[in-house]
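The values are calculated or read from the model by the stated rules, or taken from the named source; none is laboratory data. None of the values given here were measured: they were computed from a predicted structure. Positions of Cβ are backbone-derived with ideal geometry, glycine not excepted, and every protein chain shown enters the neighbour counts.
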Amino acid sequence: MLKLFKNLTKKEWLFAIFCIILIVGQIWLELKIPDYMSEITVLVQTEGSKMSDIVLNGGYMVLCALGSLIFAIGAGYFAAYIASEFSKNTRKQIFDKVQNIDTEEVKNFQTSSLITRTTNDVTQIEMLLAMGLQLLVKAPITAVWAITKILNKGWQWSAITGIAVVIMLSIIITLMAIVIPRFKLVQKLIDKINGLTRENLTGIRVVRAFNAEKYQEEKFDKANQNLTDMQLFNQKKFAIMMPVMYLIMYGLTLSIYFIGAGLIENSVLADKITVFGNMIVFSSYAMQVIMSFLMLAMIFMMIPRASVSAKRINEVLDTKQKILPGTFDGETKEKGTVEFKNVSFKYPDADEYVLENISFKVNKGETIAFIGSTGSGKSTLINLVPRFYDATEGEILIDGINVKEYKPETLNNKLGYVPQKAVMFAGTVNYNISYGENGKPKPTEVKIKEAAKVAQAAEFIEKMDKKYKTHIAQGGTNVSGGQKQRLAIARAIAKDPEIYIFDDSFSALDYKTDATLRKELKKYTKNATSLIVAQRIGTIMNADKIVVLDSGKCVGIGTHKELLKNCAVYKEIALSQLSKEELENA
């Protein structure tokens, strides 16, 4: 947890110092009140005392209470500011870390867990800072200060107070030992609840289509009940603490008065008033000592859960980036070239290679396509170009430079990427098509419309109520799969990159739209390089080169006609989709 606190800014540390100063002032004023109370007690018991002296001491008590209130408000303000700023900065750090770490590292954390770590875990530490900063400073100072004021008031009272403190500490330590191990389980159960909720909302159409509502409810209820049981167990154990603390506190008060009554009875008349005054002061300070331990008990309830949350946050922040960024951002001699040199790849911790010894080169203006059976490594190969993963062996060159040498921004500016699953963001059609930065001015209205026209998206956009200003829901739930794909293609076109990457980006399109789109795309991207992953022969048969993959190995490279003659795997795929006559006339 201390590791996270190192991220506090100078201003926040300064506010923390102010907060501590105010808390010390608040404690000093609170501990002055029993002194004035003792003085009033003596004055009331002493014959000939002036009312003005009693009122004056009472006034001092009021001023101390008022000053303590002002200091408490100031300390609360500074603590709240530090806590809110800390949580804001920590959330930003987690978000930035997730944005920058590699696909491989992100997969080590479930999406639901990352959401919990960014929200609930940060909130636990924020609560500790907001309340704990005050209580953690106030409790020990109050306890020590109060003890120093009562040490010489009577050994009997000191002994009974010490016994009360030992009993209290024993109870706190016992409860902590029982509850702390379960806090980590609580956060994991919250992860599970988030995961089930997210899964249910994402797949709500499938759930309804298969009448699986009851199954989903039962699954959620089970996870929810587990979390509830765990929370109930923890809260029941903590519920023991407060009544026991109050029992000890009031039992101590009773014991002090009981012992005090005996001391007063056995004292000579001249000492009775002094003993009575000491008893009043001691009982007040003893309550301060017990209240200090009550405050510590509250802290002990918060620290274990905040500590677990801090560890979970640090797991994300301490994740080391395996794909290290390069430094190259200059001009290259070549433009639009992509070359694989003996590239092999296997996923981390996997034994078998997904890709083995892949080599090819594509030049500016050319189109290269990748085809193969499901699981042959097509998408994996494409994902090596933007460095979602790094090749295990061999080199990948963009414009003659190894992709590992590029700055991430420079590499991404060269690429127009259309993923296998089209992703839409909450916003307008314009926003989604012009999304992102590519080192160039934002696409103009004319450019956006041109990109939409090439992607065959203009037709359905023009039919929308607000056309290009129509709102697209998060995830594109208010448009069809084919419309999402066309908008994603339009986004890549509007970027005007050197190299286009289409990862099975035409699968949701009908044959007519697919053919028209490819025809328009070929005209528009004649000066750019295109890498296309596809399942349909019709989508790729006009490519300049076709790479055929089978179980991660390249079993053929050439044009459509060459592969029909020379590659059995390609011919088998082709015949499964088109007749001999269609292939011969293609």
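Before moving on, here are some points about what is shown:
- Being surrounded by 12 or more Cβ atoms within 10 Å (Cβ to Cβ) and assigned by TED's automatic domain parsing to the domain that holds GLY162 is a property that PHE210 lacks.
- Taking the stretch 433-449 as the range and being surrounded by 18 or more Cβ atoms within 10 Å (Cβ to Cβ) and basic (Lys, Arg) as the test, only LYS449 passes.
- Residues being part of a helix (DSSP H, G or I) and among the aromatic types (Phe, Trp, Tyr) - total across the stretch 187-225: 2
So that you can scan it fast, the table gives a plain yes or no per residue for (1) under 25 Å from the mean Cα position of the chain (by Cα); (2) assigned to a strand (DSSP E or B):
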residue	(1), (2)
LEU296	no, no
PRO304	yes, no
ALA310	yes, no
ILE313	yes, no
VAL316	yes, no
GLY326	no, no
VAL343	no, yes
ASN357	no, yes
LYS361	no, yes
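- Residue within the stretch 547-561 that is among the aliphatic types (A, V, I, L, M) and assigned to a helix (DSSP H, G or I) present: no
- Filter result for GLU352 (over 22 Å from ASP496 (Cα atoms), part of a loop (DSSP other than H, G, I, E, B) and either at pLDDT 80 or above or not aliphatic (A, V, I, L, M) (or both)): yes
- Residue, modelled with the highest pLDDT, within the stretch 369-393, restricted to residues that are over 30 Å from the mean Cα position of the chain (by Cα) and surrounded by fewer than 17 Cβ atoms within 10 Å (Cβ to Cβ): GLU393
- Residues that are assigned to a helix (DSSP H, G or I) and modelled with pLDDT under 75, drawn from the stretch 1-30: LEU2, LYS3, LEU4, PHE5
- Of all the listed residues (LEU509, LEU531, LEU517), the sole one being assigned to a strand (DSSP E or B) and either in contact (Cβ under 8 Å) with a residue 40 or more places away in the chain or assigned by TED's automatic domain parsing to the domain that holds ASN430 (or both) is LEU531.
- Tally, over the stretch 441-471, of residues that are under 31 Å from the mean Cα position of the chain (by Cα) and at pLDDT below 85: 1
- Helices (runs of 4 or more DSSP H) contained in the stretch 78-154 and holding at least 2 residues under 30 Å from LEU263 (Cα atoms), hydroxyl-bearing (Ser, Thr, Tyr) and modelled with pLDDT under 80: 133-150
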